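FYI, it's all coordinate maths here, none of it is from the lab. Bear in mind that the values here come from a model prediction, so they are computed numbers and not experimental data. Note that each Cβ is placed from the backbone with ideal geometry, even for glycine, and that neighbours are counted across all protein chains shown.
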Amino acid sequence: MTEYILEINSVTKTFGGLKAVDSAEFKLKNKEILGLIGPNGAGKTTLFNVISGYYAPSSGKVIFKGKDISGKKPYDLASLGIGRTFQVVKPFPGLTVLQNTTIASFCKYPKMADAENHAWEILEFTGLAEHAKKYASDLTLGGRKKLEISKALALEPELLLLDEVMAGLNPTEADITVELIHRLKNRGISILIVEHIMRVMMNLSDRIVVLNFGQQIAEGTPGEIAENPDVITAYLGEDIE
């Protein structure tokens, strides 16, 4: 087995004349949490969409477990072992928490009874089992964020892409989510996470990659990133002393 579960090799994504992502290059180790940060408009979500199959790269390659998956569709990647959450959570509001998670479970468990049993196991793990019979529309924002993670976990991913799962949460809810993400890592899941809450990213990530205006400007440990002058300039501007 290769040391790296995900390799981003000179990935570029253009829209007309705009390079939303320009030659991104990094690797994610097995069972690692890799943070992806950058100011608004840096290209983070675009790169997420390339990795998860919503966009094909304009050039470069996305390698998963040693195989080129560039341009494969999201449903193909889900079956291969890649799950993702979305920044704007959109559960099926007229279905229960259990039904939402069961639908996602069908990817790996085609029989209804098996899918539902798997969904219960996921909800127990994420702390949503007590809300299983609630409609998704009745959950708090924190609950809907957990449901988003639960649906992704129902795919039994080896690689999980988390897109701002703590946006809008209060500090207590954010800390609970951080603890959940650590438990995901302990289960052997490799994680690529985009998040704007720097306190969270610095405490959660093993390593961090920084994008700015589509270009990768830094990569390193949280401590190295916090002291990187290019990162400081990107976030705070040229005039900061």
Note on region 207-229: residues among the aliphatic types (A, V, I, L, M) and touching a helix residue (DSSP H, G or I) at 6+ places or on another chain (Cβ under 8 Å) are ILE208, VAL210, LEU211, ILE217, ALA218, ILE225, ALA226
Can you pull out every residue in region 124-158 that is of a type in the set (A, V, I, L, M) and over 20 Å from PHE106 (Cβ atoms)? LEU139, LEU141
Whichever residue in region 12-60 is within 18 Å of PRO222 (Cβ to Cβ) and among the β-branched types (Val, Ile, Thr) and, among such residues, is surrounded by the fewest Cβ atoms within 10 Å (Cβ to Cβ): ILE33
Taking only pairs six or more apart or across chains, which ones have beta-carbon atoms under 6 Å, a first residue in region 60-88 that is of a type in the set (Gly, Ala, Ser), and a second residue that is exposed (fewer than 14 other Cβ atoms within 10 Å of the Cβ) and part of a strand (DSSP E or B)? GLY60/SER10
Residues of region 58-106 that turn out to be among the basic types (Lys, Arg), within 22 Å of THR177 (Cβ to Cβ) and touching a strand residue (DSSP E or B) at 6+ places or on another chain (Cβ under 7 Å), as a count: 1
Members of region 81-104 that are more than 21 Å from ALA20 (Cβ to Cβ), surrounded by fewer than 17 Cβ atoms within 10 Å (Cβ to Cβ) and either within 17 Å of the chain's Cα centre (by Cα) or of a type in the set (A, V, I, L, M) (or both): LYS90, LEU95, ILE103
Is there any pair with a first residue in region 8-20 that is touching a residue at least 40 places away in the same chain (Cβ under 8 Å) and a second that is assigned to a loop (DSSP other than H, G, I, E, B) and not hydroxyl-bearing (Ser, Thr, Tyr) whose Cβ atoms are under 8 Å apart and which are 6 or more apart or on different chains, and what are they? VAL11/PRO57; THR12/PRO57; LYS13/GLY43; LYS13/PRO57; LYS19/GLY214; ALA20/GLY43; ALA20/GLY214
The condition from (1) in contact with a Lys or Arg (Cβ under 6 Å, 6 or more places away or on another chain); (2) part of a helix (DSSP H, G or I) that LEU161 misses is numbered (2)
Top-ranked residue of region 9-55 - restricted to ones that are β-branched (Val, Ile, Thr) and over 20 Å from LEU204 (Cβ atoms), ranked as farthest from the chain's Cα centre (by Cα): THR14
For the list (1) surrounded by fewer than 16 Cβ atoms within 10 Å (Cβ to Cβ); (2) under 17 Å from ASN203 (Cα atoms), I need the number of the one condition that GLY168 fails. (2)
Any residue in region 92-105 that is among the β-branched types (Val, Ile, Thr) and closer than 27 Å to ASP206 by Cβ? no
Would you pick out the residues in region 133-153 that are of a type outside the set (D, E, K, R) and surrounded by fewer than 17 Cβ atoms within 10 Å (Cβ to Cβ)? TYR135, SER137, THR140, LEU141
Can GLU156 be described as in contact (Cβ under 8 Å) with a residue 24 or more places away in the chain, surrounded by fewer than 22 Cβ atoms within 10 Å (Cβ to Cβ), assigned to a loop (DSSP other than H, G, I, E, B) and acidic (Asp, Glu)? yes
